[in-house]
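Working notes for the structure below.
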Amino acid sequence: MDIYQALIRPFFFDLLDADPEWLHYSTIRSLSWLANNNHRPPASWIAKRLQNSLSVTDKRLEQTLFGLHFPNPVGLAAGFDKDGVATSIWSNFGFGFAEVGTVTFVAQPGNPRPRLFRLPLDKAALNRMGFNNSGAAAMAARLAACKQQFPPAIPIGINLGKSKVTPLEAAAEDYLNSFRLLKELGDYFVVNVSSPNTPGLRSLQDATMLSSILAALKTENKSQKPIFVKIAPDLEWEAIADIISLAQTYQLAGIIATNTTIRRDGLKTQVIAKTGKSPQEEAGGISGMPVRDRATEIIRFIWQQTQGKIPIIGVGGIFTPEDAWEKITAGACLVQVYTGWIYSGPLMIRGILEGLLAKLEQTGLNSISQAVGLEVIRF
């Protein structure tokens, strides 16, 4: 067990009982300082030490997908760097790519606090943040400055959401407005219509509603930036099949599977200490271990339905090399982590990458791309 799991996490989680959102804010503020000063000491020394300790470089982990080069298949999921304040530092933590946001066209404070809860018994988190962010214009200014001074060493995706004040019938224009501001600043883009924390947002996964959003972005996307759609784990198979069809119609780069779940079955946590209520009584989406198996099922379904022709980014409940390998062999060419990284600490990425290399050796494969969909092909 590393020092994070042995000392640091118990100190903040248990002894201090620190508020998860305060911890997140403090962490992202420190990382922002590091990202903006990594050209001079002491930040440059810290960044170098992080790189040496947490990164794994190996040709077998590299892939070129939808025109982008990924040094490894493990990325940071959207939700951690909501405003894109630390894009130049994520590669130092060993990530092969990072996704910023969710960003909305109109800056918004999000839902009332408390809105982020740990469920340690379930290795999960419950959040109802509500797309709190400083808006697309502020992110555009920040990313433009960063690109000029400290260009990121890995692909950076931008996750787009609908502003809460925008009516559902005007959603397409809202996403389009954000995309117009950011289209030259992201390496790929994600249409997030699957967060449970903006009223009515998940209804945009309906084929007709989603079609209008994708059509608007396709018309604007002169630079042919890769565009993904991120789906919920709670969709029925028929709805997922409809989204696959739309992805093919609008020539999307791929599908991200999946977002958080609104299901509560099987949880060990009986009461959330901060509110005194059960998880069943609390609004929000659950991430981490409870969503792991469902996300993998959906990845497998998409792979089977498309014969592996639509790239899939797999998210949900990844803590170990085995978790990542399971999603990759089910059909994900890339995976993303967030909750697992919070529970396991910074060394988790290195551990996963070393574990994936060991899996390649065990199976006699020469590259991670050969493992994509392997389980589905065999069976």
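The values are calculated or read from the model by the stated rules, or taken from the named source; none is laboratory data. Remember, it's a predicted structure, so these values are computed and weren't measured experimentally. Positions of Cβ are backbone-derived with ideal geometry, glycine not excepted, and every protein chain shown enters the neighbour counts. Note: accessible area is taken over every heavy atom of the protein model, side chains too, but ligands, DNA and RNA are not part of it. Shrake-Rupley method; radii C 1.70, N 1.55, O 1.52, S 1.80 Å.
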Looking across the range 329-338 at residues that are open to solvent by less than 20 Å² (accessible area, probe 1.4 Å) and in contact (Cβ under 8 Å) with a residue 60 or more places away in the chain, the single one that is farthest from Ile377 (Cα to Cα) is Val337
In the set Ile272, Ile255, the lone residue that is at pLDDT 95 or above and either out of contact with any His (no Cβ under 9 Å at 6 or more places or on another chain) or closer than 20 Å to Ala78 by Cβ (or both) is Ile255
Considering the range 250-292, residues that are of a type in the set (Ser, Thr, Tyr) and within 16 Å of Lys230 (Cα to Cα), and then whichever is surrounded by the fewest Cβ atoms within 10 Å (Cβ to Cβ), we arrive at Tyr250
The residue that is nearest to Leu121 (Cα to Cα), considering only those in the range 5-35 that are at pLDDT 55 or above, open to solvent by 90 Å² or more (accessible area, probe 1.4 Å) and hydrophobic (A, V, I, L, M, F, W, C), is Trp22
Notebook entry, point to check: Just a yes or no: is a residue in the range 192-207 under 28 Å from Gly67 (Cβ atoms), at pLDDT 95 or above and either surrounded by fewer than 21 Cβ atoms within 10 Å (Cβ to Cβ) or not polar (S, T, N, Q) (or both)?
Noted result: no
Counting only strands (runs of 3 or more DSSP E) entirely within the range 31-139, those with at least 1 residues that are free of Cβ contacts under 8 Å to residues at least 12 places away in the same chain and more than 26 Å from Asp174 (Cβ to Cβ) are 63-65
Over the range 341-379, the set of residues among the small types (Gly, Ala, Ser) and touching a residue at least 60 places away in the same chain (Cβ under 8 Å) is Ser344, Gly345, Ser367, Ser369, Gly373
Taking the range 140-150 and the residues there that are in contact (Cβ under 8 Å) with a residue 40 or more places away in the chain and more than 14 Å from Ala86 (Cβ to Cβ), the one that is most open to solvent (accessible area, probe 1.4 Å) would be Ala144
Screening Leu116, Leu168, Leu121, Leu182 for residues that are hydrophobic (A, V, I, L, M, F, W, C) and open to solvent by less than 10 Å² (accessible area, probe 1.4 Å) leaves only Leu182
The number of residues in the range 70-83 that are touching a strand residue (DSSP E or B) at 6+ places or on another chain (Cβ under 8 Å) and either open to solvent by 10 Å² or more (accessible area, probe 1.4 Å) or within 18 Å of Ser26 (Cβ to Cβ) (or both) is 6
